[in-house]
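Colleague: What follows is a single structure, and I will ask about it in a moment.
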Amino acid sequence: MSRPLIILVGLIYAYIAFEMAMRKSPQAIVYAGYAFSNVGLWLLAD
């Protein structure tokens with residue numbers, strides 16, 4: 001995967017986490033975790 005695509009997907013997950021947090025949904029934690037995991041993927045991408 002290319003780095004820009006990983007960043008894009010991470011930002012989408014972060015936006016969804018924010019939306020879920022505004023609705024006080026526990027799923028916000030899940031999507032925040034997905035967004036954070038993309039940081040690791042970004043570091044591994046060549």
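Colleague: With a 1.4 Å probe and every protein chain left in place, work out the accessible area per residue of the chain in Å², rounded to a whole number. List each step's numbers first, then the result.
Modeller: On the way: 3620 Å² over 46 residues.
Computed with neighbouring chains in place, this is 79 Å² per residue.
Colleague: Can you pull the Kirkwood radius for the chain, inverse mean 1/r over Cα pairs, to one decimal in Å? Kindly include the intermediate steps, with their values, before the conclusion.
Modeller: Details: mean 1/r = 0.0949 Å⁻¹.
Taking every pair of different Cα atoms in the chain, averaging 1/r and inverting gives 10.5 Å.
Colleague: Taking the Cα atoms only, what angle lies between the long axis of helix 27-44 and the longest principal axis of the chain, rounded to 10 degrees?
Modeller: Value to nearest ten degrees: 10.
The values are calculated or read from the model by the stated rules, or taken from the named source; none is laboratory data. Worth saying up front: this structure is predicted, and the values here are computed from it rather than measured. With ligands, DNA and RNA removed, areas are computed over all heavy atoms of the protein, side chains included. Shrake-Rupley method; radii C 1.70, N 1.55, O 1.52, S 1.80 Å.
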